[in-house]
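See below for the structure under consideration.
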Amino acid sequence: MTTIDINSLLRENIKKLVPYSSARDEFSGEASVYLDANENSFGSPLPTAYNRYPDPLQWKLKEKISTIKGVPPQNIFVGNGSDEAIDLLFRAFCNPGVDNVIIVPPTYGMYEVSANINDIELRKVKLLENFQLDLEGIAEAIDKNTKMIFICSPNNPTGNSIDRQDIETVLSNFEGIVVIDEAYINFSRQKTFIQELTEYANLVVLQTLSKAWGLAALRVGMAFACQDIIDVYNKVKPPYNMSQATQELALEALNNIEQVNVWIKETVTERNKLSKALEGISIVEKVYPSDANFVLAKIKYADYLYDFLVERGIIVRNRSKVVLCEDCLRITVGTPSENEALINTIKEFVI
Ligand SMILES: Cc1ncc(COP(=O)(O)O)c(C=O)c1O
């Protein structure tokens, strides 16, 4: 295990913080009369009763996630999407106007937005041309105020997985938090990093139920980390950060892993078909290999094609202004008929 004192990385105000103690924190177990939380004792105007505050630490859900992921419940944080897990890290570890974090563009946009919201300096170390880490550039960008490095693997929007050894090099040499965002891990040939939590005290792995699990509207994000980091999450999070309805629905969905595995297989098959079909179109210059549920394609006249598709009711993501993704569209893998509609429509495009 790497020896990093998580407490020493925290902001002073968070070290000293006395967290909010909710009614349901102070009493756990079963009682017959609950008059401690100023709830409506009569019920809810819904078929299901939601008049009681939910479990603040979502133990049932974490236990279920634990059985699926093989990580103990006390090493899991669940929140209102991965975005909450990202934002709370900034709030706990980064001093506004003083600290900095490193991101490796092109990558998921929320790291930058969260840094900006929290007034944290962002150091951008571009990926190499092959979309892998520039380890030297990262080493040069680190200083004593660098608190976090964000690595997305498989990466959004490029779709590739980041070389495992390179990530391990960062984890072993950086004395701050390394966040590995595995939102798309279910579609990847690469192994997750959640089995490495016992090796690296500075590792936070993010996953989500928004992608393979098909629950983007529910907003369930997960962070896996050593107990010290999860303790920090629990200290700074809003007391009831996940609703009872979300906890129950997520739990129900997690019992349906067979369906999700079927969709993952179908998505990977469709991804490969879609890539081949795109490669066969003359204006498509390159389709990048993908470990995710989308492909990045370099296309002549990408901006015009994007508008052409929008006019025909097909929305893809225009990444043509993004560094290293010039002239690229990012295309989510759809159902077979959606993919067919996309390909047929692109074939109709004439400049
Ligand atoms: C890399 C990555 N991380 C996280 C998210 C957001 O996840 P959530 O829906 O759990 O907030 C996305 C969404 O597109 C993503 O691409």
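The values are calculated or read from the model by the stated rules, or taken from the named source; none is laboratory data. Please read these numbers as outputs of a predicted model, since none were measured by experiment. Positions of Cβ are backbone-derived with ideal geometry, glycine not excepted, and every protein chain shown enters the neighbour counts. The area values use the complete protein model at the heavy-atom level, side chains included, leaving out ligands, DNA and RNA. Shrake-Rupley method; radii C 1.70, N 1.55, O 1.52, S 1.80 Å.
Highest mean first, the peptides 217-223, 278-284 sorted by other C-beta atoms within 10 Å per residue fall in the order 217-223, 278-284. Centroid-to-centroid, using Cα positions, the stretch 257-295 and the stretch 187-253 are 26 Å apart. Entry comment: accessible area of the chain is 48 Å² per residue, from protein heavy atoms only and a probe of 1.4 Å. On full extension, the segment bounded by Glu175 and Leu46 gains 41.4 nm, given 0.36 nm per residue less the C-alpha separation. Helix 244-254 axis versus longest C-alpha principal axis of the chain: approximately 50°, rounded to the nearest ten. Stretched out straight at 0.36 nm per residue, the stretch from Trp263 to Ile351 would grow longer than its current Cα-Cα span by 28.1 nm. Where the centroid of each part is defined by its Cα atoms, how far is the stretch 302-351 from the stretch 33-51 in Å? Here the answer is 49 Å between Cα centres. Label zone of Met1 (point 7 Å out along Cα→Cβ, amide N under 15 Å): in the stretch 75-91 this covers 75-76.
Projected label points at Tyr240 and Ile117, each 7 Å from Cα along the beta carbon direction, are separated by 2.1 nanometres. Every helix of 4 or more DSSP H residues in the chain counts as -39500 (n - 2.57), and over all residues that averages to -10500 deg cm²/dmol at 222 nm. Rounded to two decimal places and with Rh computed the Kirkwood way over Cα pairs, what is Rg over Rh for the chain? My calculation of the ratio gives 1.00.
Electrostatic bookkeeping for Pro56 treats Lys and Arg as +1 and Asp and Glu as -1; over the other residues with beta carbon under 11 Å from its beta carbon, the sum is -1.
Ranked by the mean number of other Cβ atoms within 10 Å of their residues, highest first, the peptides 83-89, 314-320, 253-259 come out as 83-89, 314-320, 253-259.
Mean sequence separation of contacting Cα pairs (under 8 Å, at least six apart), scaled by the length of the chain, corresponds to a relative contact order of 18 percent. For the stretch 99-226, the alpha-carbon radius of gyration amounts to 1.00 times the rule-of-thumb value 2.2 N^0.38 Å expected for a compact globular protein.
Treating r as the C-beta distance of Lys144 and Gln190 and R0 as 41 Å, the FRET efficiency rounds to 0.80.
Shape annotation for the stretch 71-167: C-alpha extents along the principal axes are 34, 33, 22 Å, from largest to smallest. The angle between the Cα long axis of helix 257-279 and the main principal axis of the chain comes to about 30°, on a 0 to 90 degree scale. 7 Å from Cα along Cα→Cβ at both Asp166 and Lys286: what's the point-to-point distance in nm? With each label placed 7 Å out from Cα toward Cβ, I get 1.4 nm. In the stretch 92-197, Cα pairs under 8 Å separated by at least six residues give a relative contact order of 26 percent.
Compared with the alpha-carbon gap, the fully stretched path from Lys273 to Tyr304 is longer by 8.8 nm at 0.36 nm per residue.
Taking the longest Cα principal axis of the chain as reference, the axis of helix 227-236 is set at about 80 degrees. Each residue of the stretch 1-41 gets 124 Å³ once the volume of the Cα convex hull is shared out per residue. Rolling a 1.4 angstrom probe over the chain with all protein chains present gives an accessible area of which 50% lies on carbon and sulfur atoms. At q = 0.12, 0.13, 0.23, 0.27 Å⁻¹, what log₁₀ I(q)/I(0) does a Debye calculation on the Cα points of the stretch 58-115 give, no solvent, two decimals? Evaluating at q = 0.12, 0.13, 0.23, 0.27 Å⁻¹ gives log10 I(q)/I(0) of -0.41, -0.47, -0.92, -1.04.
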